[in-house]
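Have a look at the structure below before the remarks.
Read-outs: derived from the displayed coordinates by stated rules, not from any lab. Because the structure is a prediction, the values reported are computed rather than measured. For neighbour counting, all protein chains shown are included, and Cβ atoms are generated from backbone atoms with ideal geometry for every residue, glycine included.
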Amino acid sequence: MKDWRRLRPVNRAVNWLVGAILLGIVVATALYLENPCTQVEAAQGPGSYEWLYLPRSRYLSPVALAMSHDGRHLYVACEDSGQVLVVDTQTDKVVDRIPIGGIPKAITLSPTGATFYVSDEEDDSVVEVDAKTFRILRTIHTGWGPAGLTTNLQGTVLYVANTLGNDVSVIDLKTGRELKRLSAGRFPEYVKLSRDGSRVYVANLLARLGAYDKPPVSELTVIDTAEEIVTARVSIPGVIQLRHIAELPASAGGYLLIPFMRPKNLNPLVQIAQGWYMTHGMAVIAPPADPAAGPSSYKVREVLLDNIDHYYADNFGVADDSAEHLALVTASGANVVSIIDTSALDRLLATASPARLRELPDRLDSARKFVVRRLKTGRNPTDVVVSPDGRYAYVADRMDDTISVIDMPALRVSATISLGGPKMVSRERRGEQLFFDARFSHEGQMACASCHPHEGLSDGLAWSLETPQLGRDIVINRTLYGIDGTSPFKWNGMNPNLETQDGPRTAHYIFRSQGFSERELNALVTYLRSLRLPRNPHLAKDGQLTAIQAAGKAIFFRTRTNSGEVIPLRDRCYYCHSPYTHYTSRVLEDIGTATPYDTVHSFDVPQLEGVSLKPPYLHNGEAPELEDIWTKFNPKDRHGITSDMNKVQLNELIEYLKTL
Amino acid sequence: MTTIAFRRFAFSLSMFLSCFLFFAGSGVAQQPELYTKWTNYTSADGFPPGQVFCVTVDGPRVWAGTRHGLVLIENGKVKRIFTPRDGLAGQAVMSVAVDHQTGDVWVGTFGGLSRYSGGVFKNYTNLTSGLANDLVYGVAVQGKFLWVATAAGVNRLDTNTGDWKIYNEFNAPFNEPWAYGISVGKKNIYFAVWGGGVLMYNLAHHYWKPFMDPDGEMEIVLYRNQGLIHNIVSAVSWNSSTHSFWASTYFGLSSYDGRNWHNYLTKDSGLISNFVNSVSSRGNQVWACTQKGLSELDTKTNTWVTYRPNAKTGKGTIVITPPDGKQRTLSTATSLANNYIYAVAFGGKDIWVATAQGLSHGTLESGATR
């Protein structure tokens, strides 16, 4: 028999321990569950809570839509949960969840509607799904970072835009093998098969690499489906971020509609307070009848969808309702769908004088002539589709995990379908919502995502950020991927942390508004810190370097020149680009790249991780390619001693840098 | 009996006729076809003046690289002349290769490499890409790879990944880095290297093999067919039918079938000049582009045919040299634009010839045989 008196002290200790654990749980819960949101009630809704942490994969983030041919099912690609959801459009309920894995980015149906294809940007693949049983049939290998996709009219060939590869995979659907890759522009994201099936249009998110002090020129790449070759690279001047593509029927002019952003990035950013700095619209392109015709045969017009005193930032999705001559364009930063009367748009373009057509891309007073309605959606509307009978349109509200249903005859949002995402909003998720929200900037001209599309990428443009004089202190935008731990920020290193970078500075110099509250700023910074670089396709999956890459690594870490002289420590690659600190020394260095138009001469050493994703290079984007950094802009060996290197060594060094 | 005799007679007659037709047919096939009708594109037709360095046929399109830009001929008409003002990397175009998979046209110039795709040029230079040198003499497409012959070695561009590789005297057996021409075979790629002979790159096992003149830099041949005739090789052409490559040099013509070398000089063949700018071979034809005319060797009959223009009359001369050496000469109403020949390309049965004074298009006339 046990002596309970001897056990008693032990039980007391256990009781204390249990008590302490319970107390800890209570405190932790209190910390975990913060006060009800007040600052962002307008955006978040009253009574909602902000959780300290919830895995991102718990959220859905619907980003792409497709409808079954009978209109019964809506397929929703969710990039955060890695799923495709099947929504019954009669009950507005999710009836199936198909695990795709990775990051589903786009979805398209086969011509028969028997199967659909989902791109997985993370896994460099496309998943084929049976549209009846919702079973995964096979996985098809693609190029790097697949996003938009479409089949040909016969359903025998699949075209996939590879964002990281800057090309289009042409895939034989019979064998599932890639036939070829066609070079696209930069960061091709969405594709569209023409109504007659003769062409595939490819919209490139980033503008062509060009002179940093000239307006950007974007490209619509046109593939002739008969020959499966690129027949036209259509220039769309002055704009960036081409998104989804819609093709109007011939009766409405037969135009292609492609949402874009039209920035005035070479003007000092202080002028944002005067408006008309970041404008948002769409390209209206009349394609020629001949699919083999060259780019000069495409008539390119540009119109803005903004109003004079309010902007509809970050146009994203586009769809047309042929019967009613309407088109819908989502403004993902404004949480709005703009409804466009395509007949009025056609009239405007047909009757405008040549001088007027030249002005249109910059006129803020033209949208009222063809935009018939602005409908409020959920947060961050991305893709939009119209049901086959034209009765409803569906909008993917990425940051709400919902679908907004638009009653097309009434032109109003008739319902919101919940896709079943978490009710709780984590701090990181809140930050992500803020990242996409343009309402924090003056007249809603821009969100963080406006300059950092694709969830943190750089837009590749040089901007005149703070100096009010024209042409002074132009600096290139930088990606946010992998930004955590790389402080200070800004090219002049003035911001010691992200809170400073995105707090009052952003409010005063960029947004020209009240900016974010402290609470919102914390959330935004949490989100920014969570951004990771995509898998580096230049590096083998097992991390092994090729012979050339290994030779380049040896050059990166070399201590002697080719003639055997010791390279001073400060002139070695790894001194400023230390592998222990994300390949940056986190200090300012003067490498002789300042121009007479710069007011400072030392610049923040950029981190090299993901450097292949970051052209153009140097503080002002003067170097379109990595080679330019050393062949043109390091004449006095101030950017490391490199002048002794021969061309083979330079190539090797670059091939290594691309693996970082 | 009569029936049997008749049957025997009919059978014998049919056999005789069959044999006659077979040998007669063989006799006809042994005669090389002659190009007797020539259409020339010169400055009078809107064609740039001066040299045409290369020509490439792509279906109905013909691309001609000239001293003054890249010319596109479509359906027999000069459609467009591209110059650096249109975005071309350099004015002098030395080589053109069409990627039939993608439709992209790769252009080697003396100002770098250009890709013409979808109506837009994209340029690659020594300063802005991994290109070894801006003097680009040759380009060739091998699947997803583009091979580039430059004055500082050979480049390979992976068009899917954008990765560049340089092969030169540091990592391959280049006696000289000055690469002129490229020919893509199924298993190997062959490079013509000025002063460096012929270099072969094995695609499966990634090794290099040089073919050099056994007597070094000597400009005479000590032993006939001992090896490559000279190290100054201007072009190389792989013939997939005969599994041999042909190398043109400034001192004669060579071929190698993997076992034996065969060399050709003016003194012992119908070759019109030992100064051979380039060579192209297909089937049983070998075309040697020389400074004195265009020579063709029909390997099946071992007959040489040389085409030359008469500068005074504008008419053409065809010199036929059969194996017995008894030359015969024909005259044609039309002829090549110039007797200084840089290159040829084939478009079906037609032949396109790049000369020092314009582009020539040769067609066969029915019955135009020896």
> So who's got an amide H within less than 5 Å of the one on residue B:69, skipping anything under 5 residues away but keeping other chains? H placed 1.01 Å off N, in plane.
Replying inline: B:93
>> Positive end of the dipole of chain A, charges at C-beta (+1 Lys, Arg; -1 Asp, Glu), about the Cα centre: which of A:332, A:14, A:434 has its Cα farthest in that direction?
In response: A:14
>> Output wanted: per-residue J couplings in Hz (rounded whole) for region B:122-127, from phi through Karplus 6.51 cos²θ - 1.76 cosθ + 1.60, θ = phi - 60°, x for Gly and Pro.
In response: 10, 10, 10, 10, 4, 8
> Once the convex hull of the C-alpha atoms of region B:103-193 is built, how many Å³ does it hold per residue, rounded to a whole number?
Replying inline: 94
> residue A:376: which aspartates and glutamates have alpha carbons under 14 Å from its alpha carbon, excluding same-chain residues fewer than 8 sequence positions away?
Replying inline: A:397, A:400, A:407, A:437
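Hand me the chymotrypsin sites (Phe, Trp or Tyr not before Pro) from region B:161-225 located in a DSSP loop with no more than 14 other Cβ atoms within 10 Å, in residue order please. Before the final figure, lay out the partial values.
Working: sites: B:164, B:167, B:170, B:174, B:178, B:180, B:190, B:191, B:194, B:201, B:207, B:208, B:211, B:223; in loops: B:170, B:174, B:178, B:207, B:223.
For chymotrypsin sites (Phe, Trp or Tyr not before Pro) across region B:161-225 that sit outside H, G, I, E and B with at most 14 neighbouring Cβ atoms in 10 Å, the list reads B:170, B:207, B:223.
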>> For region A:88-121 and region B:88-143, what is the centre-to-centre distance using only Cα atoms, to the nearest Å?
In response: 42
> Applying the Karplus parametrisation 6.51 cos²θ - 1.76 cosθ + 1.60 with θ = phi - 60° to the phi angles of region A:383-392, what ³J(HN,Hα) value in whole Hz is obtained for each residue in order, glycine and proline being reported as x?
Replying inline: 7, 9, 9, 10, 5, x, 8, x, 6, 10
>> Placing +1 on the Cβ of each Lys and Arg and -1 on the Cβ of each Asp and Glu in the protein assembly as shown, which of A:78, B:147, B:314 has its Cα farthest towards the positive end of the resulting dipole?
In response: B:314
> Which of B:361, B:179, B:193 sits closest to the plus end of the dipole of chain B, meaning its Cα is farthest towards the positive end, when Lys and Arg get +1 and Asp and Glu get -1 on the C-beta?
Replying inline: B:361
> To the nearest 20 debye, what is the magnitude of the charge dipole of region B:160-271 about its Cα centre, counting +1 on the Cβ of each Lys and Arg and -1 on the Cβ of each Asp and Glu?
Replying inline: 440
>> Tell me whether chain A comes out rounded, prolate or oblate; compute the Cα gyration tensor, take square roots of the eigenvalues as a ≥ b ≥ c, and use a/c under 1.5 as the rounded threshold.
In response: rounded
>> Given contacts defined as C-alpha pairs under 8 Å and at least six residues apart, what's the relative contact order of region A:156-300, whole-number percent?
In response: 16
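Which of B:276, B:319, A:230 comes first, and how do the rest follow, when ranked by fewest Cβ neighbours within 10 Å? Present the calculation step by step, with values, prior to reporting the outcome.
Details: B:276 29, B:319 17, A:230 24.
Ordered from fewest to most neighbouring Cβ atoms within 10 Å, B:276, B:319, A:230 come out as B:319, A:230, B:276.
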> Between region B:238-253 and region A:152-203, what's the alpha-carbon centroid distance in Å?
Replying inline: 40
> Roughly speaking, what is the centre-to-centre gap between region A:420-494 and region A:285-330 when only Cα atoms are used, to the nearest Å?
Replying inline: 26
> In sequence order, what are the phi-derived ³J(HN,Hα) couplings for region B:243-254 according to the Karplus relation 6.51 cos²θ - 1.76 cosθ + 1.60 with θ = phi - 60°, rounded to whole Hz, with x for glycine and proline?
Replying inline: 6, 9, 10, 10, 10, 9, 10, 7, 9, x, 10, 10
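Okay, helix-only estimate at 222 nm for the protein assembly as shown: each DSSP H run of n ≥ 4 adds -39500 (n - 2.57), divide by all residues, round to 500 deg cm²/dmol; what do you get?
Working: 15 runs with 147 residues, N = 1030.
Result for the protein assembly as shown: -4000 deg cm²/dmol, rounded to the nearest 500.
Can you put A:637, A:314, A:224 in order of Cβ neighbours within 10 angstrom, beginning with the fewest? Show your work: numbers first, answer last.
Numbers: A:637 16, A:314 28, A:224 19.
Going from sparsest to densest Cβ surroundings: A:637, A:224, A:314.
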>> Let's see if you can work this out: charge +1 on each Lys and Arg Cβ, -1 on each Asp and Glu Cβ, no other charges. What is the dipole magnitude of chain A about its Cα centre, in debye to the nearest 20?
In response: 1260
> Looking at the square roots a ≥ b ≥ c of the eigenvalues of the Cα gyration tensor of region A:565-646, which shape do they give, rounded for a/c under 1.5, prolate if a/b is larger than b/c, or oblate?
Replying inline: rounded
> Does chain B come out rounded, prolate or oblate, given a ≥ b ≥ c as the square roots of the eigenvalues of its C-alpha gyration tensor, rounded meaning a/c under 1.5 and, failing that, prolate meaning a/b above b/c?
Replying inline: prolate
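Of A:261, B:200, A:494, how do they rank once you tally other Cβ atoms within 10 Å and put the fewest first? Each step should come with its number before you reach the end.
Values: A:261 24, B:200 21, A:494 15.
Least crowded to most crowded, the residues run A:494, B:200, A:261.
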>> List the lysines whose Cα sits under 25 Å from the Cα of residue B:37, skipping any in the same chain fewer than 8 residues away.
In response: B:77, B:79, B:292, B:300, B:312, B:315, B:326, B:349
>> Going by amide H atoms built from the backbone, whose H comes under 5 Å of the H on residue B:249, apart from near neighbours?
In response: B:234, B:254, B:276
> Over region B:200-296, what relative contact order in percent results from Cα pairs under 8 Å that are six or more residues apart?
Replying inline: 20
